[in-house]
Amino acid sequence: MWKKNSINHPATSNVHYKAIKVSKQSVVTIPESGGGGSGSGGATKGLWKEDGESLKPCWNNPSPKDGEHSKGFILVSLTDGPEHHVSQIANAVVVARYLGATLVLPRIRGTRPGEMRNFGGIYDVKKFVKSLDGIIKIAKDQPDEVSIGNVTIAEVPTRVSEAYIATNIEPLFKMNGNLRLETKFPPLSMTNEKEFNYLDSLSCLAMFGTLELQPALKEVIDLMVKRLRALSHRSDGQFIAADLRVEMLEKRECQESGDSGTKWCYNAKAIGDFLWKIGFHRNTTIYLTQSKWHGMLDPLRNFYPKTYTKDDIMPADKKAKFLNANDPEFTKIIDFHVCTQSDVFLPAISGQFYTNVVGRRIASGKSQILVPTKSTYSSTRAYISPYISRKSHSAYSCFC
């Protein structure tokens, strides 16, 4: 086993590193505090924790509703990446079911005004429609009678409830017949893990059982993951995915929250310090949710030379379509799904991306999610995401 103190800190030393033979687990095994190492959480197995078994859906699909559907329609546009799509879809399905309305197949709105993509450009239409068969009625094309002029916009919270629909949405629907839903997400500073600790069966189905990628996009992601595993031969094909985007760090102040030493976001140097402190080997492979390299990321590569962006590992013949700066929707989708498949996920930025990647990982048994802190505890439990350590994530009410 490689030992942390056998070489100097890469950020402060000019030592030339020699090839170091590492074992199957290429990180330090940190014992549980208090000795023994037999506590829960599997920390004694090292930071490359083995995946658990994939969980099975606990929800029961709602039974078909008796009677005819209403003549009204529910419209929704998917915006701001896959981490928001899941909540937008869930709200649309819940509202349409409650009102007996027809859901118009969503379109995906780009970052530029008026920029729209068909649902099938990202997601599998057949599987989406099949997953909701008998639960709600879906119109694949926008009906002629539905136009911008006669559709009322209705705002809904991140987790819409039946009580909210009855009080705020149903009266609008009865008055106007057609509604366009807009989900309002809380600011980062107001996000509360308790908001995500329970979902009913319909919400579970909508969030975790409806959105599957169209085959061409899935193929690209699979090729990228395969490449990352090939680059990770020193750690038995295991790699870290870190949600670290320069544009996000430039927009938010990395201020500490409370006395725990946690922050809303971490820069490249802080991530490198953290991973080095807890024992990840210098040859660890790291994937960043950044399309192309930026100088602000250099401090992390000084720690870990095998740190890559999409530009480094995407097949060359796929870059024109899937790595287009003028069309960032694909890059968001790719990041989301690579982060759900990595052996370790590290969210450098708090928010919906973190929350919804964790949900997918819980379902697949990939519960190794490490959150940086300033603490110096020797136990890996100190760094485990509270969504996992406290089982406070909504996915735990959907899977078992």
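Reported count of residues in the stretch 204-240, each being over 30 Å from Thr158 (Cβ atoms) and either among the basic types (Lys, Arg) or in contact with a Cys (Cβ under 6 Å, 6 or more places away or on another chain) (or both), is 4. Go through the stretch 275-305 and give me each residue that's within 19 Å of Arg245 (Cβ to Cβ) and open to solvent by less than 10 Å² (accessible area, probe 1.4 Å). Within the stretch 275-305, Leu275, Thr285, Ile286, Tyr287, Leu288, Thr289, Leu297, Leu300, Phe303, Tyr304 qualify.
Ile153 passes every criterion in (1) farther than 25 Å from Ser394 by Cα; (2) part of a loop (DSSP other than H, G, I, E, B); (3) in contact (Cβ under 8 Å) with a residue 12 or more places away in the chain apart from (2). Met116 passes every criterion in (1) hydrophobic (A, V, I, L, M, F, W, C); (2) farther than 20 Å from Lys321 by Cβ; (3) open to solvent by 40 Å² or more (accessible area, probe 1.4 Å) apart from (2). Restricting attention to the stretch 339-354, the residues that are surrounded by fewer than 23 Cβ atoms within 10 Å (Cβ to Cβ) and assigned to a helix (DSSP H, G or I) total 4.
Of the numbered conditions (1) farther than 26 Å from Asp200 by Cα; (2) at pLDDT below 95, Cys400 fails exactly one; give the number of that condition. With (1) farther than 26 Å from Asp200 by Cα; (2) at pLDDT below 95 applied to Cys400, the lone miss is (1).
Per-residue answers, yes or no, for (1) more than 23 Å from Gly351 (Cβ to Cβ); (2) assigned to a loop (DSSP other than H, G, I, E, B); (3) without any contact (Cβ under 8 Å) to a residue 40 or more places away in the chain:
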{"residue": "Pro62", "(1), (2), (3)": "yes, yes, no"}
{"residue": "Glu83", "(1), (2), (3)": "no, no, no"}
{"residue": "Thr111", "(1), (2), (3)": "no, yes, no"}
{"residue": "Ile138", "(1), (2), (3)": "yes, no, yes"}
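Apart from one condition, Pro171 fits all of (1) under 28 Å from Ser291 (Cβ atoms); (2) surrounded by fewer than 19 Cβ atoms within 10 Å (Cβ to Cβ); (3) modelled with pLDDT of 90 or more; the exception is (1).
Within the stretch 345-365, how many residues turn out to be within 21 Å of Met248 (Cα to Cα) and at pLDDT 95 or above? Steps first, answer last, please.
Step one: of the stretch 345-365, the residues within 21 Å of Met248 (Cα to Cα) are 345-358.
Among the residues that remain, those that are also at pLDDT 95 or above are: 345-346, 357-358.
Within the stretch 345-365, residues that are within 21 Å of Met248 (Cα to Cα) and at pLDDT 95 or above number 4.
The values are calculated or read from the model by the stated rules, or taken from the named source; none is laboratory data. Just so it is clear, the model here is predicted, and its values are computed rather than measured. Every residue, glycine among them, receives a Cβ derived from its backbone with ideal geometry; neighbour counts consider all protein chains shown. Heads up: the accessible areas ignore ligands, DNA and RNA and are worked out on the full protein's heavy atoms, side chains in. Shrake-Rupley method; radii C 1.70, N 1.55, O 1.52, S 1.80 Å.
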